[in-house]
Amino acid sequence: MTNNVEVHKEESRNLFQESIEYDQDTLVFPTNNPAFSFLELPEEILYIKKLSGIIKLQKQSTFFHETYIGKDSKIHTFLDPPSCFISNSTYNIFQCKILTIRTLTHQNALKKVIHFDLDTKKYPFSEDENWVVGGFIGICVPNLKNSVDEIFKLLNISEEEANKEIIFETQNNQWSTFWSNISSQKFKTTQRNIMTWMVDIQSIPPKKALLRLLAEYATNPLDRKVLFFLCSKEGKDLIS
């Protein structure tokens, strides 16, 4: 038991690097960027000389590979999820109309409970399938097209590049949300398909691991420092 505790402590320590030190900066918050106003960042960030407890970069577990053809893919759509999304599922995804929606919790509830009435009259039941009280379903919702387009714009990814067929690979048993068997995957898709169907960009705020990754590749000195601040010990109150 003692050895296991020590291992967990060591793993916890390894998640963080000690600190980043800065020279005298002449940084100023922009007045025309709504993101800075939304975060309500303290002006002290501009003068901080040392940030500590910054989370380390996570090991890469997903990869893009070019196909031999590299053609513009016709498989992307905002109506149907890509085939890789359901390749190992027992049942296909059924599109149904939402009849009514109502909230069952009060407006300021920390966790909202929403009631949906769905039109499943034409659902193709299989012989061994039966719906009973207490069962559950999964819901697949694509990200909004304009939100996906904005992300590609910020990443300098062109429309042609976003729609080009690529090979997407996962390793180390990561990204298992969509598959019943937790294992590495490799399949053809597009960057647009991935951003539309396989990345949650709307329901939860970005985690420190993502902010740390963005900080690693940020070229603007102010953006870079703010991102490092948000995933540091000093900025924990703003991101918690």
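The values are calculated or read from the model by the stated rules, or taken from the named source; none is laboratory data. Only a predicted model underlies this, so the values are computations on that prediction, with no experimental measurement involved. FYI the Cβ positions are ideal-geometry reconstructions off the backbone, even for glycines, and counts take in every protein chain you see.
Laid out as a table, the results:
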read-out: Count of residues meeting criterion [touching a residue at least 60 places away in the same chain (Cβ under 8 Å) and not hydrophobic (A, V, I, L, M, F, W, C)] in the range 41-62; value: 7
read-out: Hits in the range 177-200 (condition: modelled with pLDDT under 80, surrounded by 12 or more Cβ atoms within 10 Å (Cβ to Cβ) and within 18 Å of Ile139 (Cβ to Cβ)); value: Phe178, Trp179
read-out: Of all residues in the range 154-176 being part of a strand (DSSP E or B) and within 17 Å of the chain's Cα centre (by Cα), the one that is modelled with the lowest pLDDT; value: Thr170
read-out: Pairs with Cβ under 9 Å, 6+ apart, first in the range 91-109 and closer than 12 Å to Ile139 by Cβ, second in a loop (DSSP other than H, G, I, E, B) and among the hydroxyl-bearing types (Ser, Thr, Tyr); value: Phe94/Thr120; Phe94/Tyr123; Cys96/Thr120; Cys96/Tyr123
read-out: Yes/no for Ile151 being modelled with pLDDT of 85 or more, within 27 Å of Ala35 (Cβ to Cβ), not in a loop (DSSP other than H, G, I, E, B) and not assigned by TED's automatic domain parsing to the domain that holds Asn33; value: yes
read-out: Subset of the range 201-235 that is over 11 Å from Ile54 (Cβ atoms) and touching a residue at least 60 places away in the same chain (Cβ under 8 Å) - its residue that is surrounded by the fewest Cβ atoms within 10 Å (Cβ to Cβ); value: Pro221
read-out: From Lys59, Lys74, residue being at pLDDT below 70, of a type in the set (Lys, Arg), within 30 Å of Lys186 (Cα to Cα) and part of a loop (DSSP other than H, G, I, E, B); value: Lys74
read-out: Selection within the range 108-128 - in a loop (DSSP other than H, G, I, E, B) and either more than 26 Å from the chain's Cα centre (by Cα) or surrounded by 10 or more Cβ atoms within 10 Å (Cβ to Cβ) (or both); value: Ala109, Lys112, Thr120, Lys121, Lys122, Tyr123, Pro124, Phe125, Ser126, Glu127, Asp128
